[in-house]
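For reference, the structure discussed in these notes is given below.
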Amino acid sequence: MEILDQIKGAVVNGIQSLFDKTINENQIIHNETRKEFEGDLTIVVFPFVKLVGKSPIELGDQLGAYIQKEVDAVSSFNVVKGFLNLSFTESHWISEFKSMLANDQYGFGEAKEEKVMVEFSSPNTNKPLHLGHIRNNLLGWSTAALLEAAGHEVFRVQVINDRGIHICKSMVAWQRFGNGETPASSGLKGDHLVGKYYVLYSDEEKAQKAILVAEGKDKEEPEILSAARALLIKWEENDPEIRNLWKEMNGWVYAGFDASYKRLGISFDKNYYESETYLLGKELVEEGLKNDKFYKKEDGSVWIDLEDAKLDHKLVLRSDGTSVYMTQDLGTAHERYKDFGTKRMIYVVGDEQNYHFKALFEILKRLDAPFAAGLYHLSYGMVNLPTGRMKSREGTVVDADDLMEEVVKAAKVESEIRQEIEGLPEENKLSIWEKVGIGSLKYFLLRVQPQKSMVFNPEESVSLNGQTGAFIQYAYVRTKGIERKMKEIPNFENYEGLDPKELALLSMLNKFPMVIQNAAAKYDPAEMATYMYDLAKTYNKFYYDVKILKAPNQEALAFRFALNKFTGEIIERGMKILGIDMPERM
């Protein structure tokens, strides 16, 4: 922002000229002026009060007068305690707007050398995706998109948990109760079919356990659990029959996942499979043993002492030499570095794994991994429903596919009440309902900061009132409606007499590049979601109060049309970062 550089220079020169004191630009704190005060940019003068020997108000008044004299773009100033609020001239804002229009990549950062990897989703192949997975996927996707918009080359990856006792439980249940059922024979999506048998397994295990308790054998293991353990042993022994069944059932699940991902607009640059990665890391552990990074207990198990990092002793190899999750994650991190050369890796995983990632990152640092300084756990809270928590083993989770259907139906109901697209072909209506429904789902989950738990309400998400995706989409639809009413596209050259609503909208559009950089730096799509809502609100006030098509003259009409069109482009650009498509009618 050129004006910011000018103002910082004026602050440095002003302190020198007025008070014969020296500061540098890095000491200057600036913020957007708070809404309750007049101004566009605020300079915090508190840090210089002691240096110059003046009160905050005296310093602010003298420095403000100096800046106004030296910087043509500053029209006025006011001082509130230790805050110097600067207002910009109308000509500055017109010039800024012309610069925005001339940049077809407005908002996006310049290309950066640093590559970034984002891991997200990472589902189990014993059940379909659910509401929690949706939040994970949307956070991962939009965080990656933010980093791309900020100028990074980004790689999206996932680890698919396709092995282990939980997978064997679905397999045992299918062997016993499936009667050869397949997605084709049942009409069920493959992930739904396998999830059905995971629930059946849980029901059968509970029933067997109840019988054991009634017979006074509560210390004994249910027979079906023993069968699942035996199946896991056969899998690890590479038994051909078990491996073939495992491949077939996982294949059903992958096809189901792909359909769900496609509807969510999610894709990956590479999939890592736990069945292929669970042995990775053993060589790292052996090397670490030689270098005294790890220690071995009498039973042969290998550990690392992390107490000096306020963690505990972590197991990295069992006594029988088999790996644990930590071993796998150590190896996978190195494998990804080989694959992509990324020294920054972001793991999008729920907050129940906070401790695991603290330990993982600490171990990688001690192993001198070249990427250890760039590891980050994007931890997020639980998604609940108005009715309470979800439980996958009891079959009470909110299935991702069912939820997507529900929000699209809710969008249809809202649309039919308004009757604004009544005359469109059915195919167009279906497309609109899909964009509004899925967009509303995405926005509702992304508007909350990742670290916070939240409650998802499908009906509320599609409302045109309040902070919703549909509200923002409707603002975009209004911009397109104005465009359709203009037979000729006018161009403006000079415009004077900015309306306060025009100025407010220009100021809001001016923040877009900064929002991208800030949100990307904090891995926080919620910051972008909030900005898009504020932009839509500001546009709506402009739309209602300024009356674009009733402008007093051709120059005003041309300016307002350009402002309307550009606002629509920025809404579309920002919502795309959130993974949300824009309908042209609603």
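The values are calculated or read from the model by the stated rules, or taken from the named source; none is laboratory data. It should be emphasised that the depicted structure is a prediction, and the values quoted were computed from it without experimental measurement. Every residue, glycine as well, gets a Cβ built from its backbone with ideal geometry; the counts of neighbours run over all protein chains shown.
Among all residue pairs at least 6 apart or on different chains, which show Cβ distances below 7 Å where the first residue, located in the range 185-204, is assigned by TED's automatic domain parsing to the domain that holds GLY256 and the second is part of a helix (DSSP H, G or I) and hydroxyl-bearing (Ser, Thr, Tyr)?
As it stands, the answer is LEU193/SER186; VAL194/SER170; TYR197/SER170; TYR198/SER170; TYR201/SER170, since those pairs meet every condition given.
Restricting attention to helices (runs of 4 or more DSSP H) lying wholly within the range 503-586, give those where 1 or more residues are farther than 23 Å from LEU41 by Cβ.
Details: elements: 512-522, 525-546, 554-577.
The helices (runs of 4 or more DSSP H) meeting that bar are 525-546, 554-577.
Taking ALA228, is it touching a Phe, Trp or Tyr at 6+ places or on another chain (Cβ under 8 Å) and among the aliphatic types (A, V, I, L, M)?
Values: touching a Phe, Trp or Tyr at 6+ places or on another chain (Cβ under 8 Å): yes; among the aliphatic types (A, V, I, L, M): yes.
When the stated conditions are applied, ALA228 passes them.
Output the number of residues of the range 429-446 satisfying the condition of being of a type in the set (D, E, K, R) and crowded, with 22+ Cβ neighbours inside 10 Å. Give the steps one after another, and end with the answer.
Restricting attention to the range 429-446, the residues satisfying the condition of being of a type in the set (D, E, K, R) are 429, 434-435, 442.
If we keep only those that are crowded, with 22+ Cβ neighbours inside 10 Å too, we end up with 442.
Of the residues in that region, 1 qualify.
Tell me, please, whether a residue that is in contact (Cβ under 8 Å) with a residue 24 or more places away in the chain, assigned to a helix (DSSP H, G or I) and either in contact with a Pro (Cβ under 9 Å, 6 or more places away or on another chain) or assigned by TED's automatic domain parsing to the domain that holds MET171 (or both) can be found in the range 215-224. Show your work before the answer.
Filtering the range 215-224 down to residues in contact (Cβ under 8 Å) with a residue 24 or more places away in the chain leaves 224.
Filter again for assigned to a helix (DSSP H, G or I), leaving 224.
This time we only want the ones that are either in contact with a Pro (Cβ under 9 Å, 6 or more places away or on another chain) or assigned by TED's automatic domain parsing to the domain that holds MET171 (or both), so: 224.
Yes, the range 215-224 has at least one match.
Please go through the range 428-484 and pick out each residue that is in contact with a strand residue (DSSP E or B) (Cβ under 7 Å, 6 or more places away or on another chain) and of a type in the set (Val, Ile, Thr).
Correct list: VAL448, VAL455.
Select the strands (runs of 3 or more DSSP E) contained entirely in the range 240-333, then report the ones holding at least 2 residues which are surrounded by 20 or more Cβ atoms within 10 Å (Cβ to Cβ) and among the hydrophobic types (A, V, I, L, M, F, W, C). Write out each step before concluding.
Numbers: elements: 270-273, 302-305, 313-317.
Counting at least 2 such residues, we get 302-305, 313-317.
Looking at the range 22-33, I want the residues that are assigned to a strand (DSSP E or B) and have a partner that is of a type in the set (D, E, K, R) and surrounded by 12 or more Cβ atoms within 10 Å (Cβ to Cβ) with Cβ atoms under 8 Å, at least 6 apart or on another chain. Which pairs are those?
Matching pairs, first to second residue: HIS30/LYS8; GLU32/ASP40; GLU32/LYS511.
Results for (1) β-branched (Val, Ile, Thr); (2) over 29 Å from ASN384 (Cβ atoms), shown as yes or no for each residue.
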position	(1), (2)
SER431	no, yes
TYR443	no, no
VAL462	yes, no
VAL477	yes, yes
GLU483	no, yes
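Report, by residue number, each residue of the range 140-167 that is more than 14 Å from the chain's Cα centre (by Cα), part of a helix (DSSP H, G or I) and surrounded by fewer than 22 Cβ atoms within 10 Å (Cβ to Cβ).
Across the range 140-167, the qualifying residues are ILE165, HIS166.
Looking only at the range 257-287, which residues are within 18 Å of PRO128 (Cα to Cα), over 18 Å from the mean Cα position of the chain (by Cα) and among the aliphatic types (A, V, I, L, M)?
ALA259
Filter the helices (runs of 4 or more DSSP H) completely within the range 389-483 down to those with at least 3 residues that are among the hydroxyl-bearing types (Ser, Thr, Tyr) and either modelled with pLDDT under 90 or more than 30 Å from LYS206 (Cβ to Cβ) (or both).
426-446
Counting only residues that are more than 15 Å from LEU86 (Cα to Cα) and not polar (S, T, N, Q), which one in the range 15-36 is surrounded by the most Cβ atoms within 10 Å (Cβ to Cβ)? Full working, then the answer.
Pass one, the range 15-36, residues more than 15 Å from LEU86 (Cα to Cα): 15-27.
Filter again for not polar (S, T, N, Q), leaving 15, 18-21, 23, 25.
Numbers: ILE15: 23, LEU18: 15, PHE19: 17, ASP20: 8, LYS21: 12, ILE23: 17, GLU25: 12.
Selected residue: ILE15.
Can you tell me which residues in the range 502-558 are among the β-branched types (Val, Ile, Thr) and within 23 Å of MET582 (Cα to Cα)? Can you show your working first?
Within the range 502-558, the first condition is being among the β-branched types (Val, Ile, Thr), and the residues that meet it are 515-516, 530, 538, 546, 548.
Scanning the range 502-558 gives VAL515, ILE516, THR530, THR538, ILE548.
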